[in-house]
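Just below is one structure, and these are the notes that go with it.
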Amino acid sequence: MDKEMIMACDEDGTPTGIATREEIHKRGLWHETFHCWIVEIEDGTPYIHLQLRSADKKDFPGQLDISAAGHILAHESIADGVREIEEELGIDVKFEELISLGVVKDQLSLEGFKDNERCHIFLYMAEQSLDGAYRFQKEEVAGMFRFVFQDFVDLCMGSAESIESAWELAAAETPSQKSVTLADLVPHGQSYLEQVLRGIQNALENEMK
């Protein structure tokens, strides 16, 4: 996977050259990514779905993250990023079904790992329950957790120390509840989370008018 060829860019999105995934993260080069957050509405209550990353993942194994996400390869358009949903989750979603929430910058710096992303954020509002619909790419995804969206907002904004999942759908286990804290989430920047959650809230308000 480190041999994936990715278009590096400057902070404003102007392409600067092609590099491997490994070089992108080693040098901290800005690059474009595709992020899709899945929300399903049941009996008027919105639920957000968080992916449980495989224990075999190189980065942030076993942590909860965006429903589906990935790098935009050098030869791809942003719309091509929709492939991540089917590859990781096994559900067929068309790009035209997604709601664009704009571009949000996210930065993370760890020892030997500098991630500077221009994240193209999308929302997929599921019109029916996805329980039983997922077919996980096992080397990437270990399962999916569903949370009341407002509970997730409270956790990210610091007004709740932990929240309970509505259900967990693991790759080969019976769904069960789990208490989650911020330490269980991939550490996205606070500004990223605030902008994404605000975008989802606005989209939900428009949908439910």
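The values are calculated or read from the model by the stated rules, or taken from the named source; none is laboratory data. The structure presented is a predicted model; accordingly, all values stated were derived computationally and were not measured. Note: ideal-geometry Cβ built from the backbone for every residue, glycine included; neighbour counts use all protein chains shown. We work out accessible area using only protein heavy atoms, side chains counted, and drop any ligands, DNA or RNA first. Shrake-Rupley method; radii C 1.70, N 1.55, O 1.52, S 1.80 Å.
Being among the charged types (D, E, K, R) and without any contact (Cβ under 8 Å) to a residue 24 or more places away in the chain narrows it down to one of Glu117, Glu164, Glu84, Glu168, so name that one. Spell out the reasoning first.
Values: Glu117 fails: without any contact (Cβ under 8 Å) to a residue 24 or more places away in the chain; Glu84 fails: without any contact (Cβ under 8 Å) to a residue 24 or more places away in the chain; Glu168 fails: without any contact (Cβ under 8 Å) to a residue 24 or more places away in the chain.
When all the criteria are applied, what remains is Glu164.
Which of the residues spanning region 116-132 are modelled with pLDDT of 95 or more and over 22 Å from Ala203 (Cα atoms)?
Those that are modelled with pLDDT of 95 or more and over 22 Å from Ala203 (Cα atoms): Asn116, Glu117.
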### Query
Taking region 60-88, which residues are within 16 Å of the chain's Cα centre (by Cα) and either more than 15 Å from His35 (Cβ to Cβ) or of a type in the set (Phe, Trp, Tyr) (or both)?
Phe60, Pro61, Gly62, Gln63, Glu86
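So is Thr16 in a strand (DSSP E or B), open to solvent by 10 Å² or more (accessible area, probe 1.4 Å) and β-branched (Val, Ile, Thr) or not? Steps first, please.
Values: in a strand (DSSP E or B): yes; open to solvent by 10 Å² or more (accessible area, probe 1.4 Å): yes; β-branched (Val, Ile, Thr): yes.
For Thr16, the condition - in a strand (DSSP E or B), open to solvent by 10 Å² or more (accessible area, probe 1.4 Å) and β-branched (Val, Ile, Thr) - is met.
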### Summary
Within region 104-118, residues open to solvent by 30 Å² or more (accessible area, probe 1.4 Å), of a type in the set (D, E, K, R) and touching a helix residue (DSSP H, G or I) at 6+ places or on another chain (Cβ under 9 Å) come out as Lys105, Lys114
## Note on the structure
Restricted to region 184-200 and to residues being open to solvent by less than 60 Å² (accessible area, probe 1.4 Å) and in a helix (DSSP H, G or I), the residue nearest to Thr45 (Cα to Cα) is Ile200
### Query
Can you pull out the residues in region 151-183 that are buried (at least 17 other Cβ atoms within 10 Å of the Cβ), modelled with pLDDT of 95 or more and not in a strand (DSSP E or B)?
Asp151, Phe152, Val153, Leu155, Cys156
### Task
List every residue pair whose Cβ atoms lie under 7 Å apart, where the two residues are 6 or more positions apart in sequence or sit on different chains, the first residue falls within region 148-159 and is under 15 Å from Ser191 (Cα atoms), and the second residue, located anywhere, is outside any helix (DSSP H, G or I) and open to solvent by 50 Å² or more (accessible area, probe 1.4 Å).
none
### Summary
Given (1) open to solvent by 70 Å² or more (accessible area, probe 1.4 Å); (2) on the phi > 0 side of the Ramachandran plot; (3) touching a residue at least 24 places away in the same chain (Cβ under 8 Å), Asp43 misses just (3)
### Message
Is it the case, given these coordinates, that Leu130 is part of a loop (DSSP other than H, G, I, E, B), closer than 19 Å to Ala69 by Cβ and of a type in the set (A, V, I, L, M)?
### Response
yes
#### Entry: Tally, over region 70-103, of residues that are aliphatic (A, V, I, L, M), outside any helix (DSSP H, G or I) and open to solvent by less than 40 Å² (accessible area, probe 1.4 Å)
6
